[in-house]
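Asker: Quick one: the structure is below, questions incoming.
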Amino acid sequence: MTHALRQHQHDSHGGSAHNHGGHDRHGHDHEHPTDWAGRLRHGLSELVGGHSHNAADQIDDALEANAAGRRALFISLIGLGVTAALQAVVVVISGSVALLGDTLHNVADALTAVPLLVAFTLARRPANKRYTYGYGRAEDLGGLFVIAMILLSSVLAAYEAIDRLLNPREVTHLWAVAGAALIGFLGNEVVARYRIGVGRQIGSAALVADGLHARTDGFTSVAVLVSAGGVALGLPWADPVVGLLITVAILGVLRSAVKQVGARLMDAVDPAIVDQATGTIQAVDGVREVRELRIRWIGHTLRAEADIMVDPSLSVVEAHGLAHHAENHLLTDVRRLSGATVHVSPAGAHD
């Protein structure tokens, strides 16, 4: 029996219109907790990026997704740059170590946009004989850089806090410190929500991790606000102690970022995507069984490889047409799937 093999890019497939009622290409829904404890856990999980909603306006087109990612990085780079500059002025006049840590985080967070911009630019380059899958993996390498920056932020915050505990210094201009902290929180939270939202829309784990990094700076800003209040109440140790609490909060966000980027590097995908793709292939008339299905992320697009079992009496031309039909269904139904390879095996050949 012969084997039919077909690879097809998303921007060139046609195929006939079809509808698989059980396969929703907009993702899967999930239940939200109704008790107060569940709602609290849900909110905290969403705050550190551990909970994901499938947006109805997800972006499928690879070029459009790439442009959206670069636009989000440019805008957030400018926003965080302005925020850090305003805070730096207050650091100079106040001497607040907590605000210094917050400013350093904002600078580091703004700079993480640079390697990600490089990665998104590389991702636009076509595949070649050396990089046969293209340059999408550069995005995951950018995610590793973001993780390194989050870790560095936690180390700097801990160092400055311990140094201030051992060598106390007066914090002045508390109202200015509080105002700068509030600006830092608002600026970082807006950037975080923007980056995470766009990252989830285009399927970029690196951009989501970068949004989580911005959120760590939002945590530090809130902590700085608390420390300024403590110092105003006559508690000079509040500034460095809050700096240590900042470190703990950042480590929590680091865990979430490592989980997302690490899963992407290990080729992890949502099992619901695999189930959807399997159901899509099985719905094709003539497919007896899906022997094997593999799906992986390359940047913010997916690629699939499937082995299907068919009637052994099919001719080469018929098997080829069936593989092509299954591929078209996959590319149409599975969100962000940019390429698929379908291998055809005659029933009984692998018993």
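The values are calculated or read from the model by the stated rules, or taken from the named source; none is laboratory data. As the structure is a prediction and not an experimental result, all values here were calculated from the model. Every residue, glycine among them, receives a Cβ derived from its backbone with ideal geometry; neighbour counts consider all protein chains shown. Protein only, heavy atoms only, side chains kept; ligands, DNA and RNA dropped before computing areas. Shrake-Rupley method; radii C 1.70, N 1.55, O 1.52, S 1.80 Å.
Asker: So, by mean Cβ neighbours within 10 angstrom, what's the order for 204-211, 242-249 with the highest one leading?
Answerer: 204-211, 242-249
Asker: A further question on this structure: Leaving out ligands and nucleic acids, note down the accessible area per residue over region 104-154 with a 1.4 angstrom probe, in whole Å².
Answerer: Result: 50 Å² per residue.
Asker: Hull surface divided by four, with the convex hull built on the Cα atoms of region 259-351: how many nm²?
Answerer: It is 6.2 nm².
Asker: If I model region 202-338 as equal point scatterers sitting on the Cα atoms and use the Debye formula, what is log10 I(q)/I(0) at q = 0.19 Å⁻¹?
Answerer: Ignoring solvent entirely, the Cα scatterers give -1.02.
Asker: Sticking with this structure for a sec: Can you order the peptides 266-274, 142-150, 228-236 by their average number of other Cβ atoms within 10 Å per residue, highest first?
Answerer: 142-150, 228-236, 266-274
Asker: Which order do the peptides 212-218, 277-283 take when ranked by the mean count of other beta-carbon atoms within 10 Å per residue, highest first?
Answerer: Going from most to least packed, we get 212-218, 277-283.
Asker: In whole percent, and with a 1.4 Å probe on the protein chains, what portion of the accessible area of region 192-327 is carbon and sulfur?
Answerer: With neighbouring chains kept in place, the figure for region 192-327 is 61 percent.
Asker: Now, a different point. Report, largest value first, the span of the C-alpha coordinates of region 167-221 along each principal axis, in whole Å.
Answerer: On the principal axes, region 167-221 reaches 46, 23, 9 Å in Cα extent.
Asker: Just to confirm, what accessible area per residue do you get for region 265-341 at 1.4 Å probe, in whole Å²?
Answerer: 42
Asker: Here's a follow-up. Could you give the distance between the Cα centres of region 215-229 and region 126-156, to the whole Å?
Answerer: Comparing the Cα centres of region 215-229 and region 126-156, I get a distance of 29 Å.
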